[in-house]
Every structure is written in structure tokens, then in C-alpha cells.
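S.K.: Attaching a single structure in C-alpha cells format; questions to follow.
The values are calculated or read from the model by the stated rules, or taken from the named source; none is laboratory data. Here the structure is a predicted model, which is why all the values come from computation and not from measurement. Using ideal geometry, Cβ is built from the backbone for each residue, glycine included, and neighbour counts are taken over all protein chains shown.
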Amino acid sequence: MNLIVIVDQNWGIGKDGDQLVYLKPDLKRFQQLTTGHTIILGRKTLATFPGGKPLKLRHNLILSTQKDFQVDGGEVVHTIEELLKVAPEDSFVIGGASVYHQLLPYCHRAYVTKVEKTYPADCSFHNLDADPAWQIEEEEGPFCYEGLGYSYVTYRNHK
Ligand SMILES: NC(=O)c1ccc[n+]([C@@H]2O[C@H](COP(=O)([O-])OP(=O)(O)OC[C@H]3O[C@@H](n4cnc5c(N)ncnc54)[C@H](OP(=O)(O)O)[C@@H]3O)[C@@H](O)[C@H]2O)c1
């Protein structure tokens, strides 16, 4: 399993139910990496998508405890155990905070976009730089988009 996330300098990822920052080139990369694959997300992250709809050209696996929750164009699973039974190895965990936290131990690779800025945040991602199990495999950048510096850092879980 893989994961993909955009973080600020404090590994912050969201505030008031939304992402901290949207970067056009990062969104394009997200599309390229995840298209054709299964994506795994929490019910609250789905709600942040346009119209609350699943992303096209991907198999959307949505976690929710609500037994009657159904999503057109997506598959709802109700537990991590159920998810692990159906998620292919090449899946991408795409958030949010609670889903990243629960599935990080099952991920082998993390595609992290690091933005060179700090935002007010109410949720964050595990600091992979402070975890010896996670080692940097590849680093691209820094790049600059509309005055904002960012890099793509790929980590590998060696646990
Ligand atoms: N920076 C990034 O790359 C990035 C990416 C994605 C999201 N985010 C941010 O992350 C924040 C949202 O994170 P979040 O933790 O509040 O929400 P979330 O992880 O997107 O969704 C949480 C919901 O998922 C369901 N869920 C989670 N674990 C479950 C389990 N084990 N079994 C069954 N259902 C489960 C529950 O839905 P029910 O309540 O329906 O039971 C839970 O309320 C937002 O600010 C968002 O913008 C950031």
C-alpha cells in the first residue's frame, strides 16, 4: 500500500475540514500517480471533493462506520479489517488524518509533497523525518509555484 499527502513545514495537513493548501502542479501529480489505482479515503475527506463525489478513473474505497452510507461510484467499507481484505497492494491512501494514522503501518511507500510554509492547522501527519523506519528514497525539487516553494519527497518504510 502507498500513501500520498501534502504537508506544511510542521507536517500539518488540514484545518476546519479542508486541506491547508492546493498547488496546481501537486494536484496534477496526484492525478498522474493515482489514476487507474484504488484510492482509500475517509468519509470526511470525500465530503471535501467537488459535489462530495468520488474521484473519477479510480476505484474509491471509502471508510465509514455508518452502515447505511452509500456512495454512487464508490465502495464503502466499515472497518480496517474489511478494507485490508479488498484493497489491492498498489492502492493509495489519500487521507484524511484519521485514515493516514490507522493505515500508515500498512504502507510501504509515502509520496509526500512538502510545502515551505507553515499554516494554522488542526490536524497533522506523522513526522516521517523523525521515524527511523521511514527513509527518503527520492527527493525532487525544490520547485516554486506562484511564489510558494515545495518539494516532492518519497519515503520507503523499512520496518
Ligand atoms: N494534506 C493532505 O494531503 C490531506 C489529504 C486528505 C485530507 N486532508 C485533511 O484531513 C482532514 C480530515 O481528516 P479527518 O481525520 O477529520 O477525516 P477522514 O479521515 O477523512 O474521515 C474520517 C471518517 O472516516 C471514517 N473512518 C475513519 N476510520 C474508520 C474506521 N476504522 N472504520 C470505519 N470508518 C472509519 C469515519 O466516518 P463516519 O463518521 O462516517 O463513521 C470518520 O469520521 C481535513 O482537514 C482534510 O482536508 C488532508
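S.K.: Could you grab me the full set of residues in region 36-67 that are assigned to a loop (DSSP other than H, G, I, E, B) and either of a type in the set (A, V, I, L, M) or exposed (fewer than 13 other Cβ atoms within 10 Å of the Cβ) (or both)?
M.R.: Listed by number, the residues that qualify are G36, A47, F49, L55, K56, L57, T65, Q66, K67.
S.K.: May I ask you to list the residues in region 117-159 that are part of a strand (DSSP E or B) and of a type in the set (D, E)?
M.R.: Passing the criteria: E137, E138, E139, E140.
S.K.: Tally up the residues in region 24-64 that are under 22 Å from V7 (Cα atoms) and of a type in the set (K, R), please.
M.R.: 5
S.K.: Being touching a strand residue (DSSP E or B) at 6+ places or on another chain (Cβ under 8 Å), within 13 Å of the ligand (Cβ to nearest atom) and acidic (D, E) is the requirement here; does D122 meet it?
M.R.: Criteria met by D122.
S.K.: Report, ordered by the first and then the second residue, all pairs with beta carbons closer than 8 Å, sequence separation of six or more or different chains, a first member in region 14-38 that is charged (D, E, K, R), and a second member that is within 9 Å of the ligand (Cβ to nearest atom).
M.R.: Pairs that qualify, where the first residue is charged (D, E, K, R) and the partner is within 9 Å of the ligand (Cβ to nearest atom), are K15/A121; K15/D122; K15/C123; D16/D122; D18/T48; D26/I6; D26/T113; R29/T113.
S.K.: Among the residues of region 7-26, is there at least one that is under 21 Å from Y155 (Cβ atoms), surrounded by fewer than 12 Cβ atoms within 10 Å (Cβ to Cβ) and of a type outside the set (V, I, T)?
M.R.: Yes - at least one qualifying residue is present in region 7-26.
S.K.: In region 4-33, what residues are assigned to a strand (DSSP E or B) and either more than 9 Å from the ligand (Cβ to nearest atom) or acidic (D, E) (or both)?
M.R.: D18
S.K.: Restricting the search to region 59-79, which residues are within 11 Å of the ligand (Cβ to nearest atom) and acidic (D, E)?
M.R.: Passing the criteria: only D68.
S.K.: Part of a loop (DSSP other than H, G, I, E, B), modelled with pLDDT of 95 or more and in contact with a strand residue (DSSP E or B) (Cβ under 9 Å, 6 or more places away or on another chain): is that true of V71 in this structure?
M.R.: yes
S.K.: Working only within region 36-55, note down all residues that are more than 13 Å from the ligand (Cβ to nearest atom) and polar (S, T, N, Q).
M.R.: T38
S.K.: Condition first: touching a strand residue (DSSP E or B) at 6+ places or on another chain (Cβ under 8 Å) and either aromatic (F, W, Y) or farther than 16 Å from I4 by Cα (or both). Now tell me which residues in region 81-105 satisfy that.
M.R.: Scanning region 81-105 gives L83, V86, F92, Y100.
S.K.: Specify the residue that is farthest from D26 (Cα to Cα); the eligible residues are those in region 80-97 that are within 11 Å of the chain's Cα centre (by Cα) and within 10 Å of the ligand (Cβ to nearest atom).
M.R.: For region 80-97, the residue satisfying everything is A97.
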